[in-house]
1. What are the pairs, 6+ residues apart or on separate chains, where a residue within segment B:124-150 that is over 15 Å from residue B:89 (Cα atoms) and free of Cβ contacts under 8 Å to residues at least 60 places away in the same chain has its Cβ under 9 Å from a residue that is assigned to a loop (DSSP other than H, G, I, E, B) and among the acidic types (Asp, Glu)?
2. Quick check on this structure: which one of A:249, A:269 is among the β-branched types (Val, Ile, Thr), over 17 Å from the mean Cα position of the chain (by Cα) and over 30 Å from residue B:78 (Cα atoms)?
3. Please pick out the residue among B:108, B:114, B:81 that is assigned by TED's automatic domain parsing to the domain that holds residue B:187 and in contact with a Gly (Cβ under 9 Å, 6 or more places away or on another chain).
4. Going by what's in this entry, would residue B:148 be described as within 14 Å of chain A (Cβ to nearest Cβ) and surrounded by 22 or more Cβ atoms within 10 Å (Cβ to Cβ)?
5. Say whether the condition of being farther than 30 Å from residue B:83 by Cα, crowded, with 16+ Cβ neighbours inside 10 Å and within 17 Å of the chain's Cα centre (by Cα) is met by at least one residue in segment A:233-240.
6. Could you identify the single residue in B:326, B:277, B:267 that is within 26 Å of residue B:225 (Cβ to Cβ) and over 29 Å from the mean Cα position of the chain (by Cα)?
7. Cβ-Cβ distance below 6 Å, separation of 6 or more or different chains: which pairs start in segment B:158-173 with a residue that is of a type in the set (Gly, Ala, Ser) and end on one that is surrounded by 15 or more Cβ atoms within 10 Å (Cβ to Cβ)?
8. Sort through B:305, B:293 and tell me the only one that's more than 20 Å from residue B:242 (Cβ to Cβ) and either in contact (Cβ under 8 Å) with a residue 12 or more places away in the chain or of a type in the set (Asp, Glu) (or both).
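The values are calculated or read from the model by the stated rules, or taken from the named source; none is laboratory data. Since the structure is predicted, the reported quantities are computational estimates derived from the model, not experimental observations. Don't worry about glycine lacking a Cβ; one is built from the backbone with ideal geometry, like all the others, and counts go over all protein chains shown.
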Amino acid sequence: MNKTVNQKAWFFVLPVVLLVAFNAIIPLMTVVNFSVQETFGDNMFFWAGVRWFEQVLQSDRFHAALGRQILFTAIVLLIEIPLGLAIALTMPRKGPWVSVCLVLMALPLLIPWNVVGAMWNIFALPDIGLLGRLINGLGIEYNYTRQIFSAWFTMVLMDVWHWTSLVVLLCYAGLVSIPDAYYQAAKVDGARPWAVFRYIQLPKLKYVLTIAILLRFMDSFMIYTEAVVLTGGGPGNATTFLSIDLQKIALGQFDLGPAGAMSIIYFLIILFFSWLFYTLMMKDEAR
Amino acid sequence: MSLELKNVTKRVGADTHIHETSLRFEDGSFNILLGTTLSGKTSLMQLMAGLDRPSSGEVWFAGKNVTGVPVQKRNVSMVYQQFINYPNFSVYENIASPLRVAGMAEAQIDKRVQQAADLLRLGPMLKRRPSELSGGQQQRTAIARALVKDFDMILLDEPLANLDYKLREELRDELPKLFAGRNCIVVYATTEPTEALLFGGNTVLLHEGRVTQFGPTSSIYRKPADLTSAQVFSDPPINTAKVMKKGDQITLENKVTWRAPKAARVPDGAYTIAIRPHHITPVQQGREASTIEGRVLVTELSGSESVVHFDMNGQTWVSQSHGIHPFEVGATAKLFVDVDQGFFFDGENRLIGAAA
């Protein structure tokens with residue numbers, strides 16, 4: 001068989017190559033650039049090798065921030081995914097209430113992130129905030145600017161409020177796309193509601209749930225704006241997540257080398273976990 | 001065992017999905033629900049199965065009133081147009097699932113599954129998942145799952161509609177054999193008149209939620225009770241025209257005059273005549289066929305037959321004939337009408353004359 005050789009094809013690929021280069025590779029390379037050099041003012045650079053990487057990986061500060069980050073993401077995922085799925089299952093499939101529910105669900109997603117942070121900041125204030133006053137009124141001591149547990153509780157509650165809707169909407173879209181005939185077939189078989197959920201709805205939602213978990217994982221692992229506005233990383237360092245720590249190192253202390261190294265490690269961690277989730281959830285498909 | 005619908009209706013809000021319907025299906029019978037999309041086939045099946053409650057009327061099964069008895073207590077099986085299988089079960093587990101719900105012993109389940117799999121030639125696929133099967137195999141799995149349990153009635157809702165042509169023909173041949181020897185009622189919904197004729201049995205003609213005719217398939221094909229039934233049970237669409245009969249001549253609205261059909265021993269007056277497309281042909285069939293001329297609008301040639309849509313003085317008619325008859329679009333075609341094969345309907349569209 002004769003292969004057609006046509007160099008023109010390169011022209012068709014070129015726009016994509018340029019686009020990817022400008023929005024991903026070039027910015028990433030500047031970070032790589034910082035991470036392997038010692039940077040002084042006046043654009044003076046000295047080769048530093050993997051020194052910054054070693055420094056970051058060995059620093060207790062990084063370990064602590066990473067630990068907090070993993071804990072936060074784990075809690076948030078464990079709450080938002082089952083809760084979102086449960087809400088989606090109870091939402092009506094047809095009738096006038098569908099649009100009402102959808103709009104109500106979409107509302108938190110439409111609010112800018114810094115506004116969410118500011119809202120919860122005021123909402124949870126122990127002296128004038130509705131939530132803060134309420135909890136204290138119940139006789140529970142609550143002050144998210146002073147107590148670590150209160151800060152985490154508020155942070156998790158805020159994230160759940162803000163992002164569960166996304167999981168709900170994704171799951172709802174997945175549920176609506178299951179043909180009625182599946183439910184009828186299950187009825188004919190005499191399957192119980194649990195079996196319908198376990199053997200029809202859950203498998204049919206597999207791809208949607210994978211997407212939901214990946215999105216929520218990546219987003220919560222990179223949480224910045226809301227956390228900064230709500231607690232600023234405090235009390236102490238109790239809610240200083242990776243991105244907040246990174247920002248402090250890069251712009252607060254202007255340690256560009258360690259910040260670059262940390263960025264790359266941060267990126268690789270997200271990439272690894274995303275790959276891990278995806279592979280685990282898709283492992284049956286790979287056969 | 002027989003299934004009986006007694007004056008059953010189904011209304012949803014202001015819409016009537018099924019008008020008052022009474023039907024009786026006998027044990028061991030093959031019954032076809034024939035009608036276009038939205039004619040009420042699926043609604044009627046759901047009432048029969050017990051997936052839905054009639055708004056009024058009763059459903060009787062084996063001499064017992066089962067109105068309102070849910071489907072899982074009725075011993076029915078169902079196959080759908082979509083290929084419905086449990087996505088993360090193997091083919092084996094899919095077929096076994098109704099038996100597992102029923103709590104059957106493992107050895108017996110295995111025996112039955114193997115049997116059903118053999119019948120539908122799924123033997124080599126038992127370990128696969130539905131997503132790893134072709135459409136035909138997926139539907140075979142669904143059919144095997146429906147066949148594996150003991151059922152008194154099986155409902156098939158356009159089971160072949162989503163399959164491609166070759167697989168459809170293959171399964172169409174196999175289906176009647178699968179039910180042979182089982183004492184059950186088979187209900188089969190389809191939009192295709194040809195499918196009804198191939199299966200034989202009894203046919204229920206449905207139009208806009210009403211049963212227009214019910215009886216042995218071949219006899220209702222030969223003698224449609226009314227114009228609607230004739231239209232439902234004809235593919236390509238049946239040709240109709242309003243005519244005036246005077247003596248031994250009939251005159252169409254467009255002034256074309258034909259010899260009156262011999263069978264039509266009806267007094268002079270206004271009627272509607274309906275002629276199936278295959279009684280209008282480019283080659284003379286009967287000895288005394290009338291001729292018509294029309295401008296060719298569309299021609300559809302398949303390997304074995306030609307379908308020609310033509311304009312006859314402002315009316316669109318269809319001719320269907322064996323072999324390939326190339327007509328040029330826009331040209332004038334001379335065709336022979338076997339008027340004796342036409343149906344005569346009175347002012348209320350009831351059949352009053354047909355070929356013997």
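1. Hits for this filter: B:135/B:164; B:136/B:164.
2. A:249
3. Just a single option satisfies the conditions, and that option is B:114.
4. yes
5. Checked against the condition, which is being farther than 30 Å from residue B:83 by Cα, crowded, with 16+ Cβ neighbours inside 10 Å and within 17 Å of the chain's Cα centre (by Cα), segment A:233-240 yields at least one hit.
6. Sole residue among the options that is within 26 Å of residue B:225 (Cβ to Cβ) and over 29 Å from the mean Cα position of the chain (by Cα): B:267.
7. Correct list of pairs: B:161/B:81.
8. On inspection, the qualifying residue turns out to be B:305.
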